[in-house]
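To start, the structure itself, in structure tokens.
The values are calculated or read from the model by the stated rules, or taken from the named source; none is laboratory data. Since the structure is predicted, the reported quantities are computational estimates derived from the model, not experimental observations. Every residue, glycine among them, receives a Cβ derived from its backbone with ideal geometry; neighbour counts consider all protein chains shown. In case anyone asks, the SASA skips ligands and DNA or RNA and just uses the protein heavy atoms, side chains included. Shrake-Rupley method; radii C 1.70, N 1.55, O 1.52, S 1.80 Å.
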Amino acid sequence: MSMSSFPERIAYKEALAIIRAKACERKLDSELIAIKRVDGRVLAQEVVAPISLPAFDNSRMDGFALRHADLAAGGNTDLHIAGEQFAGLHVDVALAPGQCMRITTGAPIPRDADTVVIKENVRERDGMLEVPPGVQPGADIRRAGEDVQSGEAVLETGSLLTPARISLAAALGIASLAVSKRPTVAVFTTGDELVEPGLSLEPGQIYNSNRELLMGLLRNEGLEPVAWPTLPDDPARIETALRDAASAFDVVITCGGVSAGEKDYLPALLGEYGEIHFWKVKMKPGMPMLFGQMDKALFLGLPGNPVSVLATFIALVRPLLDGLQSRVEPRVRVSAQLSTAWNKQHERLEFLRGLLEYGPDGVLRVRPNAADASHRLRAAAGSDALIVLGEGVQHFDAGTVVEVLVY
Ligand code: AMP
Ligand code: MG
């Protein structure tokens, strides 16, 4: 394929739609996993409650279970302490009139009791309990099914398994869950100039920083990416390595070598040994982003500039990973006010680095970092979000509400 047949840059929205469609075509299977290992995974089944929560009426407090009808309207009431009912122990006794029972938090309510009075509000003497007036009927009882009714759907297919959701499954007695498989990801960094941190630099060389960036971003997604040693700008070496990886991994991510330079071999390689879905997206940074497929793998060619890696990862790689895992639940969306005015130098969609902070008025603001060039790694390190500055607009007043992508 001639690379000149790929001149058109597509809009970010279009790129995102292609990414989502290709991910959908290659959705990963599900697997049954023990709940102790499912955190961060995408649920591949609906969870229907096999029991109610609470499963039985139980005490909300440490105190005494009693019959509200026994209590005197105006003054104190003396009740006989008939026994004890602790959590985990089911005595299954009924309370006779004038009796109460010592009870702990979570213990089943004895039959015929309808109210709990807390320990701190009563006085105990010689096997008797003195209850002051004013106890509300039904007080401090947690009713069976008030949280979850047996048979109710409580977790949806495609949602993210957070600790709270996993613990809900555990509370329902569920020991394993069907989750989407994790994509396997191969990571390549390319460039004759790259040297491993810890070694010494010759003139003209730089340290490979993108590998750590990419590996960290992928691990933050809960993946276990595999990184190759740096590839030189040698088309034969790149071809061998990429074709190897593409035969075994779900996703191949490269960085560098996707622009129009003499040593940018990746678009032509992908065109020859795979298929290009798009090359070049109208966004800044990250414009030369390359996407396609090769053998078993979806192929993402990220530009080499560090901030381009960050922006394309968040804007396009993350949606691909979500799609492959059939994640339906959207990412949390955040918007904030620009704390200072900003002028773009172009009309393109821009992902600018910024720092989120709450003002004394409680309003979330984002402070753009003036170092907006795509090699300014320090600005990215000093920020915590990408500010989405939409297409077509160039001037943004201070106070404009903008979407931010937290990283
Ligand atoms: P390229 O897209 O290969 O032309 O690279 C664009 C810029 O990113 C150049 O300045 C490269 O030196 C730099 N670069 C490429 N790969 C890396 C990397 N792994 N770590 C740090 N900088 C890189
Ligand atoms: Mg390069």
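For the condition open to solvent by less than 50 Å² (accessible area, probe 1.4 Å) and either in contact with a Leu (Cβ under 8 Å, 6 or more places away or on another chain) or in a loop (DSSP other than H, G, I, E, B) (or both), LEU28 qualifies. Condition test on VAL404, is it β-branched (Val, Ile, Thr), within 29 Å of ARG9 (Cα to Cα) and outside any strand (DSSP E or B)? No; evaluated as a whole, the condition is false for this residue. Checked against (1) within 16 Å of ligand 2 (Cβ to nearest atom); (2) in contact (Cβ under 8 Å) with a residue 40 or more places away in the chain; (3) not in a loop (DSSP other than H, G, I, E, B), GLY304 meets all criteria but (3).
Given the criteria free of Cβ contacts under 8 Å to residues at least 60 places away in the same chain, surrounded by 14 or more Cβ atoms within 10 Å (Cβ to Cβ), outside any helix (DSSP H, G or I) and among the β-branched types (Val, Ile, Thr), does ILE81 qualify? So ILE81 fits the description; yes.
Put simply, of LEU231, LEU298, LEU290 the only residue that is modelled with pLDDT of 95 or more, open to solvent by less than 50 Å² (accessible area, probe 1.4 Å) and within 12 Å of ligand 2 (Cβ to nearest atom) is LEU231.
Based on this model, can you work out whether ARG333 counts as closer than 20 Å to VAL42 by Cβ, open to solvent by 20 Å² or more (accessible area, probe 1.4 Å) and of a type in the set (D, E, K, R)? So ARG333 passes the test. Determine whether PRO368 is open to solvent by less than 40 Å² (accessible area, probe 1.4 Å), over 17 Å from the mean Cα position of the chain (by Cα) and touching a residue at least 60 places away in the same chain (Cβ under 8 Å). Taking the combined requirement at face value, the residue does not satisfy it. For first residues located in segment 97-118 and among the basic types (Lys, Arg), partners that are open to solvent by less than 60 Å² (accessible area, probe 1.4 Å) and part of a loop (DSSP other than H, G, I, E, B) and lie 6+ apart or on another chain with Cβ distances below 9 Å form the pairs ARG111/VAL93; ARG111/LEU95. Whenever a residue of segment 263-280 is free of Cβ contacts under 8 Å to residues at least 60 places away in the same chain and closer than 14 Å to ALA246 by Cα, its partners that are in a strand (DSSP E or B) and open to solvent by 20 Å² or more (accessible area, probe 1.4 Å), lying with C-beta atoms within less than 8 angstrom and at least six residues away or across chains, give the pairs GLY274/GLN293; GLU275/GLN293. Does at least one position in segment 356-363 carry a residue that is open to solvent by 60 Å² or more (accessible area, probe 1.4 Å) and among the hydroxyl-bearing types (Ser, Thr, Tyr)? Yes: one or more hits.
Residues in segment 101-123 that are under 15 Å from GLY138 (Cβ atoms) and over 44 Å from the mean Cα position of the chain (by Cα) were compared, and the one that is surrounded by the fewest Cβ atoms within 10 Å (Cβ to Cβ) is ASP112. Just one of the listed residues (VAL317, VAL281, VAL309) is β-branched (Val, Ile, Thr) and within 16 Å of ligand 2 (Cβ to nearest atom), namely VAL309. Within segment 197-228, the set of residues being within 16 Å of ligand 2 (Cβ to nearest atom) and on the phi < 0 side of the Ramachandran plot comprises GLN205, ILE206, TYR207, ASN208, SER209, ASN210, ARG211, LEU213, LEU214, TRP228.
The condition of being assigned to a loop (DSSP other than H, G, I, E, B), free of Cβ contacts under 8 Å to residues at least 12 places away in the same chain, closer than 30 Å to ALA72 by Cβ and out of contact with any helix residue (DSSP H, G or I) (no Cβ under 6 Å at 6 or more places or on another chain) holds for only one of GLY134, GLY138, that being GLY134.
Mind checking which residues of segment 234-274 are open to solvent by 40 Å² or more (accessible area, probe 1.4 Å), assigned to a loop (DSSP other than H, G, I, E, B), within 16 Å of ligand 1 (Cβ to nearest atom) and under 24 Å from LYS22 (Cα atoms)? Listed by number, the residues that qualify are SER259, TYR265.
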